[in-house]
Amino acid sequence: MELLNETLFMQTRLFSLFCERTNIDPQKADLLFKDYGIWSYIENCYDSLHLEGDENIYLDIVNILHSKKVNI
C-alpha cells in the first residue's frame, strides 16, 4: 500500500509541475497523460524514476510527448 501512495504522490507532483511549466489546463493535461501513457509510464517505471529528480522526470515526459508529435 505504501508503494501505491508513493507512486500517486509522484504522479501528483509531476502532473502539477507539467501543468505549471506548460501552462496547459489540468483537464487537457490529464487527457494527454491518459492518451499518451504518461500515467502508466510513471507507475510502471516508479522503481527507477524515484531515483531521479522531478526536473529530469518532467523532461522525460516532455520528450515522450514530443516523440509522439504532441505540440506542447
On C-alpha positions alone, give me the angle between the axis of helix 54-67 and the longest principal axis of the chain, in degrees, nearest 10. 40 degrees
Where in region 1-70 are there GluC sites (Glu not before Pro) that are in a DSSP coil and have at most 14 other Cβ atoms within 10 angstrom of their Cβ? E52
Among D30, D47, D60, determine the one that fluctuates most according to a GNM of the chain built with springs between C-alpha atoms less than 10 Å apart. D47
Run the numbers on the chain and let me know its relative contact order in percent, using alpha-carbon pairs under 8 Å that are six or more apart. 35 percent
Degrees separating the helix 26-35 axis from the principal Cα axis of the chain, which is the longest one: 80 degrees
DSSP-loop trypsin sites (Lys or Arg not before Pro) across region 1-53, with at most 10 other Cβ within 10 angstrom: none
On the Cα set of the chain, report Rg and Dmax in Å, please. 11.5, 36
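Where a number appears in this text, it was derived from the coordinates with a stated rule and is not lab data. On a predicted model such as this, the values are computed, not experimentally measured, just so you know. Backbone-built Cβ (ideal geometry, glycine too); neighbour counts: all protein chains shown.
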